[in-house]
Amino acid sequence: MERMMELTLRDLARHLGASLVPSDAQGVLTAIGPLDTAGPDQLTFATEDRHFAAARACSAGAILVKKAIDGMDKPQLVVDNVDVSLIRALEIFAPLLSPAPEGIDPTALVGQDVQIGRHVSIGPFVVIEDHVRIGDHTVIGAGCKIGQNTEIGKQTRLYGNVVIYHHCRIGSHVIIQANSTIGSLGFGYAFIEGVPRLIPHNGGVIIEDFVEIGANCCIDRAKFTNTIVGAGTKLDNMVQVGHNVVIGKCCLISAQVGIAGSCRIGDGVVLAGQVGLADNISIGDRAMIGAQSGLMRDVPAGEKQLWTPAVELGQAMRIITEMLRLPKTVKKLKELTKRIERLEAPKDHQG
């Protein structure tokens, strides 16, 4: 049975560094919910003025806000940054799951010359091949496979059925969600006598510290050197990273993004859902690429692009605006064509 966290309003305010309004408000909270469904035992939040009317009408036990809302009949927790405090509150009210058991499950298979750090958890049916190194406090979930000569740092967590191929390096404080694959062969072929022949991929993959990788992601190994995902970068589910790609630090890459081989992505780049990159593209620091865009050329630092092929945001919006006008434009064009045909037709048919 799942255990539930309970906190009084006063205790939660202390944990969040919040001001309680009114200061003598009483109540106990057990969870967090959205404005439209939160109940009397739940905390909710309002980040913008346009949410205040809904906040006044909601049934939540308390509301997390940046400034106190006038006319509110329920307790408010006033904080400097709602997003930061919400993250902390979600951590506090996270389900209290049983911790992963320390040690090696009897069903796991561990190869030769494997070094396992202190307080490591290795789950059922894990396969660890020869010469692997695993750091302290790391958790390897059920069904994972770790290939030869791979290194995994400290306090890293691999969820169920993650596969790490040989000669990969995973940093510390990394999270890899279920069913992701690191170090698979890249999609590199050469036509030899009319037949595609796989080019050997002898490099590896480096996942730096504090990277988070979603479920069902694939990161291919390099032909030479390493495919690299920089520190602090976050990948959503179902992201494909091709061979020899280098991704910078603290990037955000949304679901179903596909990055072709040998691309270079700077620090702080945002790739929205279903963005596709052709091979050998460079994206500068802090650039942002809108959803479903197709990149065919390099992107300067700080630029926002959208569309397929992707263009600068302002130009993309003009293109979209003109496309939305197309039905009226076509109708007008047909009317003008008919007028021209009438004007050019002979006025009489007498010889």
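The values are calculated or read from the model by the stated rules, or taken from the named source; none is laboratory data. The model shown is predicted, which means the values in this text are computed figures rather than measured ones. Here the Cβ is made from the backbone with ideal geometry for all residues, glycine too, and neighbour counts use every protein chain on show.
So the values come out like this:
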{"item": "Boolean, residue 113 is surrounded by fewer than 19 Cβ atoms within 10 Å (Cβ to Cβ) and either among the β-branched types (Val, Ile, Thr) or within 21 Å of residue 169 (Cα to Cα) (or both)", "result": "yes"}
{"item": "Filter result (among the aromatic types (Phe, Trp, Tyr) and farther than 18 Å from residue 152 by Cα) within the range 197-239", "result": "224"}
{"item": "Contacts under 6 angstrom Cβ, first residue in the range 137-148 being crowded, with 19+ Cβ neighbours inside 10 Å, partner part of a loop (DSSP other than H, G, I, E, B) and of a type in the set (A, V, I, L, M), 6 or more apart", "result": "138/120; 139/100; 140/126; 144/126; 144/162; 146/132"}
{"item": "From 41, 80, 49, residue being of a type in the set (Asp, Glu), farther than 30 Å from residue 129 by Cα and modelled with pLDDT under 95", "result": "49"}
{"item": "Criterion: surrounded by fewer than 19 Cβ atoms within 10 Å (Cβ to Cβ), of a type outside the set (Asp, Glu) and touching a residue at least 24 places away in the same chain (Cβ under 8 Å) - qualifying residue of 90, 12", "result": "90"}
{"item": "Selection count where residues are in contact with a strand residue (DSSP E or B) (Cβ under 8 Å, 6 or more places away or on another chain), without any contact (Cβ under 8 Å) to a residue 24 or more places away in the chain and farther than 16 Å from residue 79 by Cβ, scope the range 31-68", "result": "5"}
{"item": "Per-region count, the range 127-155, residues in a loop (DSSP other than H, G, I, E, B) and farther than 17 Å from residue 101 by Cβ", "result": "11"}
{"item": "Residue 74, sole failed condition from (1) assigned by TED's automatic domain parsing to the domain that holds residue 163; (2) surrounded by 12 or more Cβ atoms within 10 Å (Cβ to Cβ)", "result": "(1)"}
{"item": "Among (1) modelled with pLDDT of 95 or more; (2) surrounded by 19 or more Cβ atoms within 10 Å (Cβ to Cβ); (3) in a loop (DSSP other than H, G, I, E, B) - the single one residue 202 does not satisfy", "result": "(2)"}
{"item": "Segments classed as strands (runs of 3 or more DSSP E), wholly inside the range 216-309, with at least 1 members that are among the hydroxyl-bearing types (Ser, Thr, Tyr)", "result": "226-229"}
{"item": "Some residue of the range 240-253 being out of contact with any strand residue (DSSP E or B) (no Cβ under 7 Å at 6 or more places or on another chain) and either in contact (Cβ under 8 Å) with a residue 60 or more places away in the chain or over 17 Å from residue 175 (Cα atoms) (or both)", "result": "no"}
